[in-house]
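Asker: Pasting in a structure now, in structure tokens, and then I'll have a few things to ask.
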Amino acid sequence: MRKIYMRFAVYAGLIALMTMPIEAKNKRVVMLALDGVSVEGFKRAHTPNLDKLLAEGALSLTTRVVMPSMTQANWTSQLTGSGPEQHGVYTNDWQLDKAVLPPVDKDEKGYYPSLFKVLKDNVKGMKTAFCYNWGNLINPYNKDYLDAVIYDEDEARMPYCDKAFDFIVANREKPMVVFLYTGHTDGAGHTYKWMSSEYLKAIEEADRQIGAFLEKLSQEGLLEDTYFMLLSDHGGLGYEHGGMTVDEMIVPWGIVGPRIKKGFEIKEPNNTVNTASVILKLFNVKQPLCWTGEVPMSIFR
């Protein structure tokens, strides 16, 4: 009887260790999220800062987005490791209390489990920030799992880069994930047409502001040990998007960081639902059963 009790105690101890938040000091991920950037737009725009950054990591120019190729459905998919069939978000005006398709799983407030929740639940001291300039973007996420929600209604610029920088510096000794989004690139496509000179200039402006942001991180000694991801949610055709053409459904996707191959072209099939799965992998966190994303293992050294 005593042996049985001792075995039970050992098993209980192992289970307790497995469920304790893990230590991940100084590991940080910054998502550079540019709305509406197509592969052709990324290739044609002059983006010296992103080019220099991504030369140090892995880049895919064949990554597919989820359907429909709309903003809210796709960013939600990237930040929840799942498609709309799982999380139920498929329109840009989605709201929790008006949801038509319920999620297959939900947290205590009814939201589908996001990257932020999973990290907060599993990584000790995890800090999270959500920086954005399109009002609806925050709607699918439970803010209880966000330490900083930084919003600016001006969709023509990225003024919150400085606030994101301040957040990173203030929490430099802690693990963190920062979502740094701009919608002005998408706005230029809708206003002037995808692949127009104005659209390309919007991508170039984002590159300049990201370059300044990266330079400030470098001066603080925070560049080398940070993972950066270049992300987009869809491309466009004419003045719109939402369809299934190559111009709308394929986007650039890149990652740079300590364990990532340098100058590597990702050739294996990749989808934007993999974004959150990759970030969990970086923090050694197991993804929820309801998630469908996978990790393209070829990116690791």
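The values are calculated or read from the model by the stated rules, or taken from the named source; none is laboratory data. Note that the coordinates shown come from a computational prediction; the quantities given were computed from them, not determined experimentally. Note: ideal-geometry Cβ built from the backbone for every residue, glycine included; neighbour counts use all protein chains shown.
Asker: Determine which single condition residue 223 fails, assuming it passes every other condition in (1) in contact (Cβ under 8 Å) with a residue 40 or more places away in the chain; (2) within 30 Å of residue 300 (Cβ to Cβ); (3) not β-branched (Val, Ile, Thr); (4) not in a helix (DSSP H, G or I).
Answerer: (1)
Asker: Which of the residues spanning region 63-108 are among the basic types (Lys, Arg) and not in a helix (DSSP H, G or I)?
Answerer: 64, 106
Asker: Name every residue in region 267-289 that is within 12 Å of residue 115 (Cα to Cα), in a loop (DSSP other than H, G, I, E, B) and out of contact with any strand residue (DSSP E or B) (no Cβ under 6 Å at 6 or more places or on another chain), in order of residue number.
Answerer: Here is the first cut: in region 267-289, the ones within 12 Å of residue 115 (Cα to Cα) are 273-281, 283, 285-288.
Narrowing the set further to residues that are in a loop (DSSP other than H, G, I, E, B) leaves 273, 283, 285-288.
Answer for region 267-289, where residues must be within 12 Å of residue 115 (Cα to Cα), in a loop (DSSP other than H, G, I, E, B) and out of contact with any strand residue (DSSP E or B) (no Cβ under 6 Å at 6 or more places or on another chain): 273, 285, 286, 287, 288.
Asker: Name every residue in region 24-61 that is in a helix (DSSP H, G or I) and not small (Gly, Ala, Ser), in order of residue number.
Answerer: The first filter runs over region 24-61 and keeps only residues in a helix (DSSP H, G or I), leaving 39-44, 48-54.
Matches in region 24-61: 39, 40, 42, 43, 44, 48, 49, 50, 51, 52, 53, 54.
Asker: Among the residues of region 1-31, what is the count of those that are modelled with pLDDT of 95 or more and either touching a helix residue (DSSP H, G or I) at 6+ places or on another chain (Cβ under 6 Å) or among the acidic types (Asp, Glu) (or both)?
Answerer: Step one: list which residues in region 1-31 are modelled with pLDDT of 95 or more, which gives 28-31.
Within this subset, residues satisfying the condition of being either touching a helix residue (DSSP H, G or I) at 6+ places or on another chain (Cβ under 6 Å) or among the acidic types (Asp, Glu) (or both) are 29.
Total satisfying the criteria: 1.
Asker: Then there is this: Scan region 181-206 and report the pairs whose first residue is more than 15 Å from residue 239 (Cβ to Cβ) and in contact (Cβ under 8 Å) with a residue 24 or more places away in the chain and whose second residue is of a type in the set (Val, Ile, Thr) and not in a helix (DSSP H, G or I), with Cβ atoms within less than 8 Å and a gap of 6+ or a chain change.
Answerer: Taking only residues 6 or more apart or on different chains, the pairs are 203/37; 203/47; 204/47; 206/182.
Asker: I need the full set of residues from region 93-120 which are within 26 Å of residue 148 (Cβ to Cβ) and surrounded by fewer than 15 Cβ atoms within 10 Å (Cβ to Cβ), in order please.
Answerer: 93, 95, 97, 108, 109, 110, listed by residue number.
Asker: Tell me, please, whether a residue that is charged (D, E, K, R) and surrounded by 18 or more Cβ atoms within 10 Å (Cβ to Cβ) can be found in region 252-270.
Answerer: Checking region 252-270: not a single residue is charged (D, E, K, R) and surrounded by 18 or more Cβ atoms within 10 Å (Cβ to Cβ).
Asker: Please list, ordered by residue number, the strands (runs of 3 or more DSSP E) wholly in region 125-186 having 1 or more residues that are charged (D, E, K, R).
Answerer: Strands (runs of 3 or more DSSP E) meeting the threshold: 127-132.
Asker: If you don't mind, there's one more thing I want to ask. Of the residues 207, 233, only one is at pLDDT 95 or above, part of a helix (DSSP H, G or I) and either in contact with a helix residue (DSSP H, G or I) (Cβ under 9 Å, 6 or more places away or on another chain) or farther than 29 Å from residue 89 by Cβ (or both); which?
Answerer: 207
Asker: Working only within region 187-204, note down all residues that are among the hydrophobic types (A, V, I, L, M, F, W, C) and either surrounded by fewer than 24 Cβ atoms within 10 Å (Cβ to Cβ) or not in a loop (DSSP other than H, G, I, E, B) (or both).
Answerer: Selection gives 188, 195, 200, 202, 203.
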